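Report on the structure given below.
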Amino acid sequence: MKYGISTFITDQGIAPVALGRALEERGFDMLLIAEHSHIPVERRSPWNGGAELPVKYYRTLDPFVALTAVAVVTKRLLVGTGVALLAQRDPIHTAKEVASLDVVSGGRAVFGVGVGWNREEMENHGTDPTTRGRLVDERLAVMLSLWTQETTEFHGEFIDLDPVYSWPKPVRAPHPLVFVGGGERAFGRVVKYGDAWLANGVPPKELGPQMRRLNEQAGREVPVTVFDATHKPQDIAAYAELGVDRLLFELPTEGEADTLRVLDSMAAVSALAG
């Protein structure tokens, strides 16, 4: 089992360059970072963590700028979004950003994608929350074509695109890894578009049955990365027994000194787990 980090990079926490170097020095294999374009002042959408939305949600850096900074000071670390809110993003621009990150990093980009929860945020982008799942599916289909085909043409429910060229093409063949986040309602998207399921903090007891249902739906064994995982030794052992491919430990958004202390603790636990 491999180990990585999921976190929010903000203007108040550890800088991307320092974080990237620290992760690679400690043997972590992946960094996925969150994004929010903005947070509306009037919030009606419930956040599953409680009543008050943490400050880090308001202050995220642009993920592709931050990940490029990480990529240029690392050599092995996989760098990606966890998750990109594709319901709020233009697929042509996003495909170019992911492909450019893949080129700059030498094939280490990962596109973690989800539909999002903040309805007010996506409405500000002109997205109807009630159709965001179908919208994300179409945008993923377009992005995969832009990455892998000489020209792309698409005519769907939301996207009407006459043939276009798009470069750069990604370094990784056939395209950057696509990690699809979400619960069981996202399993169809995982099967159709994903290289892996990004399970958001699902405890081991719940994850096992979900993995079986996903594999039954896919007709194959789907790799699973657990996002925002704890680094408790008993949980690590349970995930390993389930055959989880990777754990992404949830890293608090803190200053550099505090972050390095937490990373040392996480690295020590993962090393003991083997």
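The values are calculated or read from the model by the stated rules, or taken from the named source; none is laboratory data. Because the structure is a prediction, the values reported are computed rather than measured. Cβ sites come from the backbone with ideal geometry, for glycine too, and all protein chains shown count toward neighbours. These accessible areas exclude ligands, DNA and RNA; they are computed on the full protein's heavy atoms, side chains included. Shrake-Rupley method; radii C 1.70, N 1.55, O 1.52, S 1.80 Å.
In table form, for the structure just shown:
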| quantity | calculated |
| --- | --- |
| Cα gyration tensor, segment 162-274 - rounded (a/c under 1.5), prolate or oblate | oblate |
| Probe 1.4 Å - accessible area at residue 232, Å² to nearest ten | 110 Å² |
| Ordering of 171-178, 73-80 by burial proxy (mean other Cβ atoms within 10 Å per residue, highest first) | 73-80, 171-178 |
| Between segment 46-83 and segment 211-263, the Cα center-to-center distance that results, in Å | 17 Å |
| Heavy atoms of residue 37: accessible area, 1.4 Å probe, square angstrom to 10 | 70 Å² |
| HN-Hα J in Hz across segment 183-194 - Karplus 6.51, -1.76, 1.60, θ = phi - 60°, x for Gly and Pro | x, 5, 5, 8, 4, x, 5, 4, 5, 7, 10, x |
| Packing-based order for 188-196, 43-51, 134-142, 27-35, using average beta carbon neighbours within 10 Å, highest first | 27-35, 134-142, 188-196, 43-51 |
| Shape category assigned to segment 47-169 from the gyration tensor of Cα positions, a/c cut at 1.5 | oblate |
| Nearest-20 debye value, segment 67-157 charge dipole, Cβ charges on Lys, Arg, Asp, Glu | 520 debye |
| Under the Karplus curve 6.51 cos²θ - 1.76 cosθ + 1.60, θ = phi - 60°, whole-Hz ³J(HN,Hα) for segment 155-172, x wherever Gly or Pro sits | 9, x, 5, 10, 10, 10, 10, 6, x, 9, 9, 8, 10, x, 7, x, 6, 5 |
| Cβ-placed point charges (K, R +1; D, E -1), dipole of segment 105-208 about Cα centre in debye, nearest 20 | 520 debye |
| Proximal aspartates and glutamates relative to residue 205, as straight alpha-carbon distance under 17 Å, when same-chain residues fewer than 8 apart are discounted | 184, 228, 235, 241, 245 |
| Rounded, prolate or oblate (a/c below 1.5 giving rounded, otherwise prolate when a/b exceeds b/c) for the chain by Cα gyration tensor | rounded |
| Exposure ranking of 261, 213, 185, 246 by accessible area [1.4 Å probe, largest first] | 185, 261, 213, 246 |
| Protein accessible area in the chain, 1.4 Å probe - carbon and sulfur % | 51 percent |
